Amino acid sequence: MPRRWLPFVVAVLLCAPATGRAQPAPSGTAIDAELREVMRLTGARGIGLAVVRAGQVAEVRSQGERNAAGDPLRTDTVMYGASLTKAAFAYMVMQLVEEGRLDLDASIARYLAQPLPSYPSDDKYGPWNDLRGDERWRQLTPRILLSHASGFANYAFMERDGKLRFHFDPGARYAYSGEGLILLQFVLEKGMGLDVGLEMQRRVFDRFGMRTTSMIWRPDFAANLADGWDASGAAVPHDERSRVRAAGSMDTTLDDIARFAAGYVRGAGLSAAGRRELTRPQRPITTASQFPSLQPEVPPARRRADLAAGLGVIVFDGPQGPGFFKGGHNDSTGNTWVCLERRRDCVVILSNDVRAEPAFPRLVAFVLGDTGMPWTWEYGDMTFTPLPSTPRAP
């Protein structure tokens, strides 16, 4: 979903000084102090941060509350993963590719028993029959869908008439679309007979020891569950998602997502070539910001040559070399995951309060230094008033 920061929240963007060099690893005590400070400055009620160094989990810290009752937010508290789900789904899909079961560049028509528009609409999948009469659906491939170049709106329900349509030829350009990821899920399930929830469990969550992560709600989550807070400070109950959605149904914990991030940068379960394919620049980014997803392209002179779509992630090139990231957001959730490829270092931030998002640049820089992460593209072309960072304790 698009990030909609209210003006009073936007004005509190926090930036650490840009150094162009790697930061020394902060201690757990220093991270705790930094999290408390950004909570004070933003008003956020809960936030957690995990650090991966050289492909191994180094620190996992949390501060604040998981609900309006004041219960503590812990590193094993169940939180909404939001669109971080997309990166985990792409990781699973790449395993299928390496097994020869899926071709990234084959038309989805190869895997379907009947034309896509002939499938009836239902609550789980998209309204594919809206595409009746438009044969461009045959141009869609797994690579196009994973790199957000389907031509669809983010979701069909966001169209004025609620109908799915192509806004440009598949593969022509980047435009964020959760609907495209759901279509790939449909291809795997209806076309190939797979259960995406079970495949995610076996190939990703079990592989990385993510014991409290699932694509659908589990009753055992209720005992240690994070509710959220929206931009106005209103409490929002956690949604018990009953449908597997490749675009964003994952519930997880900070402990678990840290294990995933570490395994991802190591490439566990993939060949070196398969792992590189996920974060290889697949297509250029041609818009000033990520949202709204169907905004006009900017002239070539204004495009960022260091920014491109990967598969399930966005890749960039910064002062410390290549990196990649994925965000996750809804009205009461703010998540981000930023990695540097050369050192296999990452920061993962999960917050159950959307007001924490303006602090993400500061927190990432606090751990990794100046990464070149394209914050303005990710969160929009806005004017921010930066506040000085807190000096780090030794």
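Specify which of the listed residues (ARG218, ARG207) is closer than 26 Å to GLY267 by Cβ, surrounded by fewer than 23 Cβ atoms within 10 Å (Cβ to Cβ) and either modelled with pLDDT of 95 or more or out of contact with any strand residue (DSSP E or B) (no Cβ under 7 Å at 6 or more places or on another chain) (or both).
Just a single option satisfies the conditions, and that option is ARG207.
Would you say LEU278 is in contact with a Pro (Cβ under 8 Å, 6 or more places away or on another chain), closer than 17 Å to ALA88 by Cα and of a type outside the set (Asp, Glu)?
When the stated conditions are applied, LEU278 does not pass them.
Does ASN352 fit the bill of being touching a residue at least 12 places away in the same chain (Cβ under 8 Å) and touching a Leu at 6+ places or on another chain (Cβ under 6 Å)?
For ASN352, the condition - touching a residue at least 12 places away in the same chain (Cβ under 8 Å) and touching a Leu at 6+ places or on another chain (Cβ under 6 Å) - is not met.
Is there a residue in region 356-371 that is charged (D, E, K, R), modelled with pLDDT of 95 or more and not assigned by TED's automatic domain parsing to the domain that holds ALA261?
Looking for residues that are charged (D, E, K, R), modelled with pLDDT of 95 or more and not assigned by TED's automatic domain parsing to the domain that holds ALA261, one finds none in region 356-371, hence no.
Name the single residue, out of those in region 116-156 being modelled with pLDDT under 95 and among the acidic types (Asp, Glu), that is surrounded by the fewest Cβ atoms within 10 Å (Cβ to Cβ).
Looking at residues that are modelled with pLDDT under 95 and among the acidic types (Asp, Glu), I get ASP123.
May I ask you to verify whether LEU35 is at pLDDT below 95 and not β-branched (Val, Ile, Thr)?
Criteria not met by LEU35.
The values are calculated or read from the model by the stated rules, or taken from the named source; none is laboratory data. Model, not experiment: these values are computed from the prediction. A quick note on method: Cβ atoms are made from the backbone with ideal geometry, for glycine too, and the neighbour counts reach across all protein chains shown.
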